[in-house]
Structures are given as C-alpha cells and as structure tokens.
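Working notes for the structure below.
The values are calculated or read from the model by the stated rules, or taken from the named source; none is laboratory data. The shown structure was predicted, so the numbers you read here are calculated from the model rather than taken from an experiment. So basically every Cβ, Gly included, is an ideal-geometry build from the backbone, and we count neighbours across all protein chains shown. Note: areas computed on protein heavy atoms with side chains; ligands, DNA, RNA excluded. Shrake-Rupley method; radii C 1.70, N 1.55, O 1.52, S 1.80 Å.
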Amino acid sequence: QVQLVESGGGLVQPGGSLRLSCAASGFTCSSYYRNWIRQVPGKRREWVPTISVGGKLTYYANSVKGRFTISRDNAKNTLDLQMNNLNSEDTALYYCARSDGLPRLGFVETKDYDYWGQGTQVTVST
C-alpha cells in the first residue's frame, strides 16, 4: 500500500513562486531516493530534481538550477519542491516518484522509478 500524494500546485503568474509537497506512506522513506518529474501532454516526461536518501546530496536539471530547491523530511515522510521565478516553461503536471537509488539524470527512464504519485498541476500564466 505504497502511496505518494502530491499537493501545492495551482495557477501562478510568471516570476511567482509555488511550493509543492509529496506525502508518502506505506514504506520507509529514509531508504529511498526521491524525485520530482514533470510532464506536458504530448511531450516527454522531464526529470527535474533528485534528493539522496539522507538529503545531503541534491541534483537538478539545468533548466531549474538556481530556481528550484528540493528537500525532504524523513521523520514526517514528506518531500518538498520550492519553485521560484517560475516561467511558462514550468507549466506541467508534477509527479513525485520513488527510486531505489540514483536514477539516470537528465532524462526519465521509467524503469528507474518504482512508484509514482498522481501528480499536481502547475500552470504559469498571466
């Protein structure tokens, strides 16, 4: 009964900020890497950031470096993504996903991830 539930999405103007959260249950969160992946209909899924088991190591896609920050609280079983200076290219459905280790960076290989949430929609528009 592994569950990942995203929240925090919504409509925001360009230059604005949002904070996404992912609540996890049914597994030991401290044993897994965690990730955020986004998707636009008709386009490939895009890997965004990854955080290591203990949270000491983080990895970001070039398109979001300096703007997004991934963090985790294993005690609360939560994963967050702080998104600043948003632009229209950030519009997508954002998923949190679990991986057994460090996934392939720069692109999404579905076999690297074993569980996904249902996603939360982020729309950046005037």
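Miscellaneous remarks
- Every residue from the stretch 80-124 that is in contact with a helix residue (DSSP H, G or I) (Cβ under 7 Å, 6 or more places away or on another chain) and polar (S, T, N, Q): Ser99
- Within the stretch 1-31, tally of residues that are charged (D, E, K, R) and modelled with pLDDT under 95: 0
- Pair list, Cβ < 7 Å and 6+ apart or interchain, from the stretch 1-17 residues that are farther than 24 Å from Tyr115 by Cβ to residues that are part of a strand (DSSP E or B) and open to solvent by 40 Å² or more (accessible area, probe 1.4 Å): Leu11/Thr123
- Residue match in the stretch 77-84 (condition: at pLDDT 95 or above and surrounded by fewer than 16 Cβ atoms within 10 Å (Cβ to Cβ)): yes
- Hits in the stretch 45-73 - residues which are within 24 Å of Thr28 (Cα to Cα), polar (S, T, N, Q) and open to solvent by 50 Å² or more (accessible area, probe 1.4 Å): Thr58, Thr69
- Condition met for Lys111 (in a loop (DSSP other than H, G, I, E, B) and charged (D, E, K, R)): no
- Number of positions in the stretch 10-44 that are outside any strand (DSSP E or B) and crowded, with 18+ Cβ neighbours inside 10 Å: 2
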